[in-house]
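Participant: This is the structure I want to talk about, given as structure tokens.
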Amino acid sequence: MFKSNFEKLLDKVTSNLLLEADWPTTLEICDTIRQKDVQPKFALNAIKKKLISPNPHTAMYSLLVLECCVKNCGQLVHDEVGTKPFMEQIREIIKTTPHENVKNKLLELLQTWAFAFRAIPKYCAVQDTVNIMKAEGYTFPALKESDAMFSSDVAPGWEDSDCCHRCRVKFGMVQRKHHCRACGQVFCAQCSSRSCTLPKFGIEKPVRVCEACFEKSQKPQINKGSED
Ligand SMILES: O=P(O)(O)O[C@@H]1[C@H](O)[C@H](OP(=O)(O)O)[C@@H](O)[C@H](O)[C@H]1O
Ligand SMILES: [Zn+2]
Ligand SMILES: [Zn+2]
């Protein structure tokens with residue numbers, strides 16, 4: 001049966017033969033999500049399936065993948081994790097998992113995410129879940145605020161418009177829309193014919209960018225270090 005690169009990587013990092021977490025491959029999984037090689041919803045469903053594995057290693061390693069994705073993939077993953085349905089599934093797993101360490105780690109993650117999302121109303125389902133579970137008598141470990149610092153930029157969402165952001169030509173049957181992966185704006189083919197990698201967004205393969213973002217990518221990065 002055909003398995004996508006993402007699924008192969010996920011099988012690899014959640015193998016019950018592993019003696020310790022395979023962090024390089026776990027980070028590679030984050031990259032496949034950030035590069036949009038895999039849809040976040042699909043990725044998270046696959047991770048959740050591993051989370052309910054009867055094998056304690058598989059379950060725990062998949063939890064480390066989930067933690068890493070939330071830390072490194074930004075809004076792409078937060079938009080899935082911060083939803084009521086996902087939170088209900090996490091609550092269910094906490095109630096039913098036979099693995100005590102998975103249960104404790106999930107409680108820790110819930111609290112960390114609730115703190116990290118405290119100023120983002122659309123993810124209020126996370127704090128609501130923590131509150132409900134506290135009311136149900138679950139005890140949460142002490143919060144380590146350092147764990148709630150989510151790093152890394154993620155490419156911006158795509159804007160929509162009926163004309164090119166640069167030359168204002170109207171889109172139609174002939175003039176097709178295209179998106180710049182660097183700024184997320186919509187352009188005609190002529191204004192977005194270039195491509196380049198976007199390492200700051202974890203995009204290591206050349207993707208379509210607009211003229212302005214291409215020019216920016218060609219300038220040497222102004223290093224913020226001290227002038228030598
Ligand atoms: O091919 P179309 O039917 O025009 O559809 C467009 C392409 O999928 C574009 O991909 P691209 O940016 O990689 O070109 C995308 O940016 C647009 O939003 C879509 O409308
Ligand atoms: Zn244009
Ligand atoms: Zn751009």
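Participant: Answer yes or no as to whether ASP147 is in contact with a Ser or Thr (Cβ under 6 Å, 6 or more places away or on another chain) and touching a residue at least 24 places away in the same chain (Cβ under 8 Å).
Facilitator: On the way: in contact with a Ser or Thr (Cβ under 6 Å, 6 or more places away or on another chain): yes; touching a residue at least 24 places away in the same chain (Cβ under 8 Å): yes.
Yes: the conditions hold for ASP147.
Participant: Go through (1) within 20 Å of the chain's Cα centre (by Cα); (2) of a type in the set (S, T, N, Q); (3) closer than 21 Å to ALA43 by Cα one by one and return the number of the condition THR97 breaks.
Facilitator: (1)
Participant: So, in the range 184-218, of the ones that are β-branched (Val, Ile, Thr) and out of contact with any His (no Cβ under 6 Å at 6 or more places or on another chain), which residue ends up farthest from ligand 1 (Cβ to nearest atom)? Before you say what the answer is, go through the steps one by one.
Facilitator: Narrowing the range 184-218 to residues β-branched (Val, Ile, Thr): 186, 197, 203, 207, 209.
Adding the requirement that they be out of contact with any His (no Cβ under 6 Å at 6 or more places or on another chain) leaves 197, 203, 207, 209.
Numbers: THR197: 15, ILE203: 13, VAL207: 8, VAL209: 10 Å.
The qualifying residue farthest from ligand 1 (Cβ to nearest atom) is THR197.
Participant: Scan the range 166-181 for residues that are under 25 Å from GLN35 (Cα atoms) and away from ligand 1 (no atom under 12 Å from the Cβ) and jot them down. Outline the logic, then answer.
Facilitator: Going residue by residue through the range 166-181, those that are under 25 Å from GLN35 (Cα atoms) are 166, 176-181.
Listed by number, the list holds a single entry, ARG166.
Participant: Can you name every residue in the range 169-215 that is assigned to a helix (DSSP H, G or I), under 28 Å from ILE29 (Cα atoms) and within 14 Å of ligand 3 (Cβ to nearest atom)? Give the steps one after another, and end with the answer.
Facilitator: So the first thing to find is which residues in the range 169-215 are assigned to a helix (DSSP H, G or I), and the list is 190-192, 199-201, 211-215.
If we keep only those that are under 28 Å from ILE29 (Cα atoms) as well, we get 199-201, 213-214.
Selection gives LYS200, PHE201, CYS213, PHE214.
Participant: Name every residue in the range 121-165 that is of a type in the set (A, V, I, L, M, F, W, C) and within 13 Å of ligand 1 (Cβ to nearest atom), in order of residue number.
Facilitator: Of the range 121-165, the ones of a type in the set (A, V, I, L, M, F, W, C) are 124-126, 130, 132-133, 135, 140, 142-143, 148-150, 154-155, 158, 163-164.
Result: ALA155, TRP158, CYS164.
Participant: I'm checking my understanding of the structure. Among residues of the range 174-192 that are more than 10 Å from ligand 2 (Cβ to nearest atom) and exposed (fewer than 15 other Cβ atoms within 10 Å of the Cβ), which one is modelled with the lowest pLDDT?
Facilitator: This residue is VAL174.
Participant: In the range 1-22, how many are under 10 Å from VAL65 (Cβ atoms) and either surrounded by fewer than 15 Cβ atoms within 10 Å (Cβ to Cβ) or among the aliphatic types (A, V, I, L, M) (or both)?
Facilitator: As a first pass, look at the range 1-22 and keep what is under 10 Å from VAL65 (Cβ atoms): 9-10, 13-14, 21-22.
Subsequent filtering for residues that are either surrounded by fewer than 15 Cβ atoms within 10 Å (Cβ to Cβ) or among the aliphatic types (A, V, I, L, M) (or both) retains 9-10, 13, 21.
Number of matching residues: 4.
Participant: State all residues of the range 193-216 that are polar (S, T, N, Q) and away from ligand 2 (no atom under 13 Å from the Cβ); if no residue qualifies, say none. Step through it out loud before you land on a result.
Facilitator: Filtering the range 193-216 down to residues polar (S, T, N, Q) leaves 193, 195, 197.
Answer for the range 193-216, where residues must be polar (S, T, N, Q) and away from ligand 2 (no atom under 13 Å from the Cβ): SER195, THR197.
Participant: Go through the residues of the range 68-75 one by one and say whether even a single one is under 27 Å from LYS205 (Cα atoms), touching a strand residue (DSSP E or B) at 6+ places or on another chain (Cβ under 6 Å), at pLDDT below 95 and assigned to a loop (DSSP other than H, G, I, E, B).
Facilitator: Step one: of the range 68-75, the residues under 27 Å from LYS205 (Cα atoms) are 68-75.
Still in the running and touching a strand residue (DSSP E or B) at 6+ places or on another chain (Cβ under 6 Å): none.
No.
Participant: I'd like to know if the range 152-161 contains one or more residues that are within 18 Å of GLN35 (Cα to Cα), in contact with a Phe, Trp or Tyr (Cβ under 8 Å, 6 or more places away or on another chain), near ligand 3 (Cβ under 10 Å from one of its atoms) and not acidic (Asp, Glu).
Facilitator: no
Participant: Considering only residues of the range 193-204 that are at pLDDT 90 or above and out of contact with any Pro (no Cβ under 6 Å at 6 or more places or on another chain), which is nearest to VAL154 (Cα to Cα)? Full working, then the answer.
Facilitator: Step one: of the range 193-204, the residues at pLDDT 90 or above are 193-197.
Now drop any that are not out of contact with any Pro (no Cβ under 6 Å at 6 or more places or on another chain), which leaves 193-194.
Values: SER193: 22, ARG194: 20 Å.
Result: ARG194.
The values are calculated or read from the model by the stated rules, or taken from the named source; none is laboratory data. Not measured: the values here are computed from a predicted model. Methodologically, a virtual Cβ is constructed for each residue, glycine included, from the backbone with ideal geometry; neighbour enumeration extends over all protein chains shown.
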